[in-house]
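A quick write-up on the structure given underneath.
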Amino acid sequence: MPTWLVTGGAGFIGGNFVLGAVAQGIRVVNLDALTYAGNMDTLSSLEGDPNHVFVQGDIGDAGLVARLLAEHRPDAVINFAAESHVDRSIDGPAAFVQTNVVGTLSLLEKTRDYWKALEPAERDAFRFLHVSTDEVYGSLGETGKFSETTPYAPNSPYSASKAASDHLVRAFHHTYGLPVLTTNCSNNYGPYHFPEKLIPLVIARALAGEPLPVYGDGRQVRDWLFVRDHCEAIRTVLERGRIGETYNVGGNSEKQNIEVVKTICRLLDERRPREDGKPRESQIAFVADRPGHDRRYAIDASKLKNELGWEPRYTFERGIAETVDWYLDNQPWVQRVLDGSYRLERIGQG
């Protein structure tokens, strides 16, 4: 049975990835610091499962990481651990540098030391996969897409910190030979998403009868990627990707933010109409734009399709409908998240 060390495996994407990996017969050692976005409720179905070992801790804790590597001898390390919300990075960039840059560096150093001490066959089979974002590429105009050769031009403290971590991963391959892989994904959505992000925030505020804040004119464009498609892409890259390469992961679903919000409103009106009968679009409220807000992202994922045969299974229409249904069916999960420090307030206004 393969063993993977997954960092950040109680977060949104990491949690979905861990659930899928364990279901496929992988033994997962899950290291997560359980900051505001880490949620053990996401992993409740794995309670008592011997193939899921949860450890609360920080990727920057070199001693802990070294001990876990020595004790569990993983065949791969998959790094999801990151501070990930642009608005939070505007309010407090230092935490993003600490986790995304300093933490990733520490994880790389301990992984390199572990990898070097492996037997030749194990060393050849080992992989370090770093999960990153399309935001490192900056902003697009009305046409074009990000490819793996697009120059980095990060515009927020978050994307700058992720760009730095990407460069460190690349450097550890070229300097030390560490067998790394990097994925840069577009905007994820789906079950277990922390409700400060657009889609779960709109669902929660719409159900609560509160205004639905839309930044600026709402015409910012993102490529939306259903989280289960993303997890499948990561497994594909881990199994068949070329060492040292970067693979962009996209959903082939470019949408303006206002389109996304209106689609959620329509789906909720169909499934759970307001008592007064008004459409939920009436709750939309345009607010001042985010400082430095990138206008458009779009991913060219043809390399992943042509080399490894992966492409998304979910259309946006199918994925957003399943997402809305999941949140309606799992309101206790949402309420336990909102019982913490986050109360649907706006952050990141600069």
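Descriptive notes on the structure:
- Positive-end extreme of charge dipole, the chain - chosen from Leu107, Ile234, Ile203 (charges on Cβ): Ile234
- Over all other residues within a Cβ to Cβ distance under 11 Å of Val86, the charged ones net out to -2, with Lys and Arg as +1 and Asp and Glu as -1.
- Projected label points at Glu307 and Glu210, each 7 Å from Cα along the beta carbon direction, are separated by 4.3 nanometres.
- Stretch gain in nm, segment Thr149-Ala66, where the contour uses 0.36 nm per residue and the Cα spacing is subtracted: 26.5 nm
- Residue exposure proxy: Trp326, Trp224, Trp310, ordered by other Cβ atoms within 10 angstrom of their Cβ from fewest to most, comes out as Trp326, Trp310, Trp224.
- Net charge of the neighbourhood of Phe172, taken over other residues with C-beta under 9 Å away and scored Lys/Arg +1, Asp/Glu -1, is +1.
- Simple label model, 7 Å out from Cα along Cβ direction - Ala117 to Asp325, nm: 4.9 nm
- Estimated distance in nm for a label pair at Ile243 and Leu34, the labels positioned 7 Å out from Cα along Cα-to-Cβ: 3.7 nm
- Evaluated with a Cβ-only charge set (Lys, Arg +1; Asp, Glu -1), the range 84-207 carries a dipole of roughly 100 debye about its Cα centre, given to the nearest 20.
- When you filter the trypsin sites (Lys or Arg not before Pro) in the range 247-346 for DSSP loop state and at most 16 other Cβ atoms inside 10 Å of their Cβ, you are left with Arg274, Arg295, Arg313, Arg343, Arg346.
- Cut-off of 10 Å, at most 10 other beta carbons, DSSP loop: longest stretch of the chain lacking such GluC sites (Glu not before Pro): 143-274
- In a reduced charge model with +1 at each Lys and Arg Cβ and -1 at each Asp and Glu Cβ, the chain shows a dipole moment near 280 debye about its Cα centre.
- For the range 26-101, taking Cα atoms only, Rg and Dmax work out to 13.9, 40 Å respectively.
- Length released on extending from His167 to Glu142, taking residue separation times 0.36 nm less the Cα-Cα span: 6.2 nm
The numbers here are math on the coordinates, done by the rules we state, and not lab data. Fair warning: this is a prediction, and the values are worked out from it, not measured in the lab. FYI the Cβ positions are ideal-geometry reconstructions off the backbone, even for glycines, and counts take in every protein chain you see.
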